Amino acid sequence: MTERPDDASDHPEVIRALLLARYTLVTHNGMKVTSESESWKLDFTTDLATIDAALLLPRLGKGVTRR
């Protein structure tokens with residue numbers, strides 16, 4: 001096992017997928033986007049909370065910590 005508890009290579013495929021999705025959403029959360037002269041901020045707060053809850057399930061996210 002690596003030193004980082006959230007290192008995706010140490011977890012089953014479903015955990016790796018959730019960690020990648022979480023990373024992607026965190027990266028883009030709060031970004032301002034513009035299309036056809038309208039701007040808005042991306043808000044993935046609810047989606048991140050759902051992923052975090054799934055990672056806290058005993059059988060799914062055993063040993064996975066959030067940053």
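Of note:
- Enumeration of residues in the range 25-53 that are among the hydrophobic types (A, V, I, L, M, F, W, C) and assigned to a helix (DSSP H, G or I): L25, V26, L48, A49, I51, A53
- Cross-chain or 6+ apart pairs with Cβ under 8 Å, the range 1-30 first and at pLDDT below 95, then basic (K, R) and assigned to a helix (DSSP H, G or I): A8/R16; S9/R16
- Tabulated pairs, the range 39-67, first farther than 11 Å from R22 by Cα and loosely packed, with under 12 Cβ neighbours inside 10 Å, second modelled with pLDDT of 75 or more and charged (D, E, K, R), C-beta under 7 angstrom, 6+ apart or interchain: S39/K32; K41/K32
The values are calculated or read from the model by the stated rules, or taken from the named source; none is laboratory data. Predicted model, so just to flag it, every value in this text is computed and none were measured. Methodologically, a virtual Cβ is constructed for each residue, glycine included, from the backbone with ideal geometry; neighbour enumeration extends over all protein chains shown.
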